[in-house]
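Chemist: Got a structure for you, written out below as structure tokens; questions coming shortly.
The values are calculated or read from the model by the stated rules, or taken from the named source; none is laboratory data. None of the values given here were measured: they were computed from a predicted structure. When we count neighbours, we look across all protein chains shown, and the Cβ atoms used for this are built from the backbone with ideal geometry, even at glycine. Ligands, DNA and RNA are excluded from the accessible area calculation, which covers all protein heavy atoms including side chains. Shrake-Rupley method; radii C 1.70, N 1.55, O 1.52, S 1.80 Å.
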Amino acid sequence: MDYTQKIARQVASVPRSGIRDFFELVQGREGIISLGVGEPDFVTPWNIREAAIYSLEKGQTSYTSNLGLPSLRKSISGYVQDFFGVSYDVSEVLVTVGVSEAIDLALRALLNPGDEVIFHEPCYVSYSPSIVMAYGEAVAVETRKRDGFSLKPEALAAAITPKSRVLMLNFPTNPTGATATREDLEGIAKLCIEHDLMVLTDEIYSELRYDLSEPHVSIASLPGMRERTVLLHGFSKAFAMTGFRLGYACAPQPVVEAMMKIHQYSMLCAPITSQVAALEALENGLPAVAEMRESYRLRRDFLVKRLNEMGLSCHSPGGAFYVFPDIRETGLSSKEFAMRLLEEEGVAAVPGSAFGASGEGFLRCCYATAFEDLQVAMDKMQAFVGRL
Ligand code: PLP
């Protein structure tokens with residue numbers, strides 16, 4: 001059978017994730033040090049795992065409300081109020097299967113075919129394919145190393161057309177670790193109001209910011225923005241809960257209702273065990289988040305220092321757990337650099353081009369990896385760069 005004629009055009013048109021492709025090469029190979037997949041190296045804190053175990057012991061094995069457990073939604077609403085300074089009623093919170101599902105739901109709930117969605121690039125690998133699979137048009141705005149890879153209002157203004165409908169933001173950013181200043185967010189918010197754009201803001205790394213002298217600013221908290229923003233957040237990164245697959249969206253009720261319609265028919269609800277664990281994370285998990293953050297900060301500082309010393313210029317990112325060194329001086333493409341580093345030294349990192357065309361010339365190294373492994377990886381990378 002010719003399956004090319006059977007697969008939907010929209011799905012066939014999007015590429016497989018560049019990260020996954022690269023990591024299939026690594027799988028099953030011995031002795032590789034991976035700075036690859038963006039996943040905490042910590043096991044989920046014990047109290048959270050224990051809550052999940054106890055929930056199973058009690059026999060909590062049923063569906064929950066489509067929106068999620070009321071107790072969890074109440075706790076999320078309180079947390080979002082405290083952390084982001086935005087107030088959402090429990091009916092404006094939808095619990096999802098990771099932020100991944102929330103991104104898909106929000107795009108499908110907001111887009112009509114041909115609507116343009118603007119996002120800043122380099123960016124998380126799922127954005128452009130998710131837009132396309134929701135029948136939108138993906139419009140990438142390049143961010144630059146000299147701006148710390150933050151989105152500048154001027155660059156956004158230049159990308160807006162009469163077909164623009166949604167802006168996607170992600171601060172701190174995967175893969176660059178970029179954060180946004182309040183001033184830039186205010187400029188961006190002004191444009192969104194002027195051009196009547198909805199905003200999806202993926203703030204999954206918001207607890208993993210290293211300059212704590214300034215609070216995290218969510219665009220949802222700026223004047224006039226709550227009503228046009230879908231705030232996406234989840235438990236995977238800060239609480240080291242990737243395998244629990246739990247996230248949430250906070251948005252005005254009609255948007256939550258639209259997202260919930262899709263969710264109720266496709267997913268029904270997020271797994272109850274994960275929801276119970278997430279409740280424990282919000283109620284008692286924050287001290288563990290602070291400890292993990294401090295450990296990531298030390299590793300970030302170490303990597304930035306070593307990369308700059310070996311001649312790979314690397315800004316110190318304000319958040320997430322990635323560094324994004326500039327490899328252009330080596331004369332290699334990001335894919336060549338990553339392939340040769342893997343073949344010659346057994347160190348896996350992701351080519352910047354996996355995060356969009358504007359990631360070319362850079363490499364993403366995830367530092368959610370044991371400190372000893374980071375030390376060996378940096379020695380090996382230095383030897384590799386020294387031979388070029
Ligand atoms: N958003 C960003 C920016 C990410 O980096 C990731 C995972 O790497 C996700 C969303 C997916 O998160 P989740 O595990 O909650 O689906």
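Chemist: For segment 255-297 and segment 358-388, what is the separation of their Cα centres, given in Å?
Modeler: 32 Å
Chemist: Give me the percent of accessible area attributable to carbon and sulfur for segment 17-89, probe 1.4 angstrom.
Modeler: Roughly 51 percent of what the probe reaches on segment 17-89 is carbon or sulfur.
Chemist: Leaving ligands, DNA and RNA out of it, report the carbon-plus-sulfur percent of the accessible area of segment 146-289 at a 1.4 Å probe.
Modeler: 54 percent
Chemist: Keeping all protein chains in place, calculate the accessible area per residue for segment 261-388 (probe 1.4 angstrom), answer in Å².
Modeler: 39 Å²
Chemist: Which peptide among 250-257, 46-53 comes first, and what is the full order, when sorted by highest mean count of other Cβ atoms within 10 Å?
Modeler: Output ranking for 250-257, 46-53: 250-257, 46-53.
Chemist: Averaging the inverse of every distinct alpha carbon separation and then flipping it gives the Kirkwood radius. What is it for segment 227-343, in angstrom units?
Modeler: For segment 227-343, inverting the mean 1/r across all distinct Cα pairs yields 17.8 Å.
Chemist: I'd like to check one number: the per residue accessible area of segment 123-219, probe 1.4 Å, reported in Å² as a whole number.
Modeler: 41 Å²
Chemist: Here's something else I'd like to know. Would you kindly derive the ³J(HN,Hα) couplings of segment 11-22 from the backbone phi angles with the Karplus curve 6.51 cos²θ - 1.76 cosθ + 1.60 (θ = phi - 60°), listing them in order in whole Hz, with x for Gly and Pro?
Modeler: 6, 4, 6, 9, x, 6, 4, x, 5, 4, 4, 5
Chemist: Related question: Can you send over the solvent-accessible area of residue 213, 1.4 Å probe, protein chains only, in Å² to the nearest 10?
Modeler: Result for residue 213: roughly 90 Å² accessible.
Chemist: What's the ranking of 235-243, 285-293 by average number of surrounding C-beta atoms within 10 Å, highest first?
Modeler: On the way: 235-243: 22.1, 285-293: 16.4.
Ranked from most to least packed, the peptides come out as 235-243, 285-293.
Chemist: Follow-up question, since we're still on this one. Applying the Karplus parametrisation 6.51 cos²θ - 1.76 cosθ + 1.60 with θ = phi - 60° to the phi angles of segment 231-242, what ³J(HN,Hα) value in whole Hz is obtained for each residue in order, glycine and proline being reported as x?
Modeler: 8, 10, 8, x, 9, 4, 8, 5, 9, 6, 10, 3
Chemist: Roughly how many nanometres apart are two label points built 7 Å out from the Cα toward the Cβ at residue 383 and residue 43?
Modeler: In this crude spin-label approximation the distance works out to 3.2 nm.
Chemist: Sticking with this one: Between residue 81 and residue 261, what FRET efficiency comes out of the Förster formula 1/(1 + (r/R0)^6) with R0 = 30 Å and r the beta carbon distance, rounded to 0.05?
Modeler: For residue 261 and residue 81, the calculated efficiency is 0.70.
Chemist: Computed FRET efficiency, Cβ-Cβ of residue 329 and residue 157, R0 30 Å: what is it to the nearest 0.05?
Modeler: Efficiency computed from Cβ-Cβ geometry: 0.40.
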